């Protein structure tokens, strides 16, 4: 380190540069267990997605990639026994992606947990500031419509289902009942509250 009076402090990285560096580091962590970062991302998404979002097109849209790339990712995960493809109940041409028990077990060893562990050691106020700031940044860069949590959607109706069996909530777009557990999942039909 140069302690001379003329020494300049190292320039600080901009937020975009910091995000890029963190992104590169986290991508590097994900080349484990014979998977690529895209395969890990697909597994994470499928674990958090609701029934409307667990299809190849929604996955491609969420990851910002092509259907061809997603197809190769899904083939690899299926061959490794981490997911299976099911036919849609109403539209037999549609494909529903589902994690297998092996896929769920693998996610328990998600390499990004190391980041969560580091963040968990931060003071609550700092952790909340980072989370809130990054959430707003993602929302504003990505746009207000696209993917989001079902119960935060403008179309979500709490306690709007007539039939509690599949409810108690309702999707304003499809009219379908939404279970409480599914209301906390990612939805491709998300529309921001204005």
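Over the stretch 15-121, calculate the relative contact order: mean separation of alpha carbon pairs under 8 Å at least 6 apart, over the residue count, as a percent. Walk me through the numbers before you get to the answer.
Working: 91 pairs, mean separation 27.6, N = 107.
So the answer I get is 26 percent.
Helix 37-48 versus the longest principal axis of the chain: what angle, 0 to 90°, nearest 10, using Cα atoms?
50
Starting from 0.36 nm per residue, how many nanometres of slack lie between residue 84 and residue 130 once their C-alpha separation is accounted for?
Working: separation 46, 0.36 × 46 = 16.56 nm, distance 3.56 nm.
Separation in residues times 0.36 nm, less the Cα-Cα distance, equals 13.0 nm.
Which value in deg cm²/dmol, rounded to the nearest 500, describes the helix-derived mean residue ellipticity at 222 nm for the chain, given -39,500 (n - 2.57) per DSSP H run of n ≥ 4 and division by the residue count? Walk me through the numbers on the way to the answer.
On the way: 7 runs with 82 residues, N = 194.
Using -39500 (n - 2.57) per qualifying helix, the result is -13000 deg cm²/dmol.
Over its Cα atoms, what ratio of radius of gyration to 2.2 N^0.38 Å does the chain give? Kindly include the intermediate steps, with their values, before the conclusion.
Values: Rg = 20.1 Å, N = 194, 2.2 N^0.38 = 16.3 Å.
This ratio for the chain stands at 1.24.
Once the Cα atoms of helix 67-79 and of the chain are each reduced to a long axis, what angle between those two axes, in degrees from 0 to 90 to the nearest 10, is obtained?
Relative to the chain, helix 67-79 is tipped by roughly 80 degrees.
Enter the Cα centre distance for the pair the stretch 113-138 and the stretch 33-78, rounded to the nearest angstrom.
Centre-to-centre distance over Cα atoms comes out at 25 Å.
Once you put a point 7 Å from the Cα of residue 180 and another 7 Å from the Cα of residue 31, both along the Cβ direction, what distance in nm separates them?
4.5
On C-alpha positions alone, give me the angle between the axis of helix 15-29 and the longest principal axis of the chain, in degrees, nearest 10.
So the helix axis and the longest Cα principal axis differ by about 70 degrees.
Mind giving me the nanometre distance, one decimal, between the label points for residue 152 and residue 193, set 7 Å out from Cα along Cα→Cβ?
Here the modelled spin labels are 1.1 nm apart.
So how far apart, in nm, are the two label points at residue 12 and residue 119 if each is 7 Å from Cα heading toward Cβ?
Placing both labels 7 Å beyond Cα along the Cβ direction yields 2.1 nm.
Assuming 0.36 nm per residue, please report the length gained on full extension of the stretch residue 47 to residue 21 beyond their Cα-Cα distance.
6.7 nm
Taking 0.36 nm per residue of sequence separation and subtracting the Cα-Cα distance, how much length would be gained by fully extending the chain between residue 107 and residue 95, in nm to one decimal?
Full extension of this stretch gives 2.1 nm more.
In whole Å, what are the extents of the stretch 15-121 along the principal axes defined by its C-alpha atoms, from largest to smallest?
46, 28, 23
Taken together, the values in this text are just the output of simple stated rules run on the coordinates, not laboratory data. As the structure is a computational prediction, the values presented were derived from the model and not from experiment. As a convention, Cβ positions derive from the backbone with ideal geometry for all residues, glycine included, and neighbour counts pool all protein chains shown.
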